[in-house]
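Undergrad: One structure, pasted below without further comment.
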Amino acid sequence: MRFKAKLAPEHVVLLHGLIGPVSRLAGSGGGGVGAGTMAGTTALDGSPYLGGGGTVVHLDPDHVRMSTRGTGGGGGGASSGYRGGLGRGGAGGAGRGHSEGGGGADGEGVACFLELRAGGGIFLEHRIESAADDVIVFEVDLGQLRVALQSVLSALQGGAGHDVRAGAGAGAGAGAQSRRRSRGRGGSAALYNSMTGLGDGQGGAPSTLAPPSVVVLKLAKRNGGLPCLCVDLGASPRGGGIEVHHAIPVRIMRAAEMQYHLPPRISVPDVQLELPPDRPLKTVVERLRTISPHVYIDGSMDGELALRIDGDGASINALFSKLIPRFEDVKDGDGDGDGDGDGDGNGDGDAGNEGGERPVKRKRDEPARCTVKVDGRKLAACLQWQGSLGRAVGSAVLCLVENETLCLHCTLGPGSIGFFTYYIPVHYLARDHLG
């Protein structure tokens, strides 16, 4: 089994921006396990011990896929619906930002699936070999990978006086063999400025990064045969000749186990709306959730989206208008998606309603509407990418499925390098509460 890939600096920036928000779902802050605990520590079944927040990574010659399921309390077992136990035991470190009580509390029950194109996408070049048709599946703590990529970016931005504050004290937990701590000001601002420049269509490396440097990502054994995902950076001209090496413990899995970590199947959406890139929902949701724990989302296929709360002594309604409705793969005017008008979803026109109440149908000239009730903290956790990726996201579509799920599908651009999708659980609403 072999895997080795080379990444350009702009690829490292993109990967860091992607996995940063996702790592908060499972409460993997990268600093929850101290030095000496991760190295060489194994679980009862002999696999490496992951300190909460395990993410399943699927590698093949064409794609890189990551599957994360949010857990409660920052390091418990996997939530229902995912077999195979992610993140057994351990206390994940506290997430960045406004997370309260660990990132896992924000992402409990939330699923995220990420897919990137390998060749000509996230990798400059790569090689993968395995007995399972060149497929490798392993589990890794995404928070530790985020810390490793942060230190690489710090070295590449050495001339800018970058300070990786989120990684302070966490490098040893990620199995870091060497780490550079820079002095200066405005480190996080420089990092986000680099990410903003990624989506400007110029195609080159961000201006704050050093000239051609290659980061190597590979699977290897360290510390007496412990399988690790290694992140290596050679001496950078602008980094003062410092080399960076990280070894992150992983748990190798059978290729067939990936079937238990595929995206959940959902019904045909009632409403699909493309979110405006110049009007992020993140700021609005973070303010609303401080007033009420739950947020009602009212969507309409006429291009309107409303975020509302009903708190003690306050009711707020934030309206987003002139959005673009997506009519592909959405329920038709009968609300069943099969076009026969009977509401049974099987297209026969008469079956499924004998002795029962016919479903409520809207008029043909009325736009489809849907209302879902979600946890404000979960919704805010799934919108953190709006602060880290910027224009790297080509489009974001919000899909509302009545009393089932809220789906957020984001496509990376330009070049269709890949996508990531959040699946957010919703609270049941009786008919009289639906819009």
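The values are calculated or read from the model by the stated rules, or taken from the named source; none is laboratory data. Bear in mind that the values here come from a model prediction, so they are computed numbers and not experimental data. Glycine also receives a Cβ, built like all others from the backbone with ideal geometry; neighbour counts cover every protein chain displayed.
Undergrad: Applying the selection to segment 376-397, what residues are assigned to a strand (DSSP E or B), touching a Lys or Arg at 6+ places or on another chain (Cβ under 9 Å) and farther than 28 Å from Asp332 by Cα?
TA: none
Undergrad: Any idea which of Leu262, Leu307 is free of Cβ contacts under 8 Å to residues at least 40 places away in the same chain, closer than 28 Å to Leu114 by Cβ and touching a strand residue (DSSP E or B) at 6+ places or on another chain (Cβ under 9 Å)? Don't jump to the end; show me each part of the working.
TA: On the way: Leu262 fails: free of Cβ contacts under 8 Å to residues at least 40 places away in the same chain.
Only one candidate passes the filter, namely Leu307.
Undergrad: Go through segment 382-435 and give me each residue that's among the aromatic types (Phe, Trp, Tyr) and buried (at least 17 other Cβ atoms within 10 Å of the Cβ). Step through it out loud before you land on a result.
TA: So the first thing to find is which residues in segment 382-435 are among the aromatic types (Phe, Trp, Tyr), and the list is 385, 419-420, 422-423, 428.
Residues satisfying the conditions are Trp385, Phe419, Phe420, Tyr422, Tyr423.
Undergrad: Taking Ala306 as meeting all but one of (1) assigned by TED's automatic domain parsing to the domain that holds Glu366; (2) part of a loop (DSSP other than H, G, I, E, B); (3) of a type in the set (A, V, I, L, M, F, W, C), write down the number of the exception.
TA: (2)
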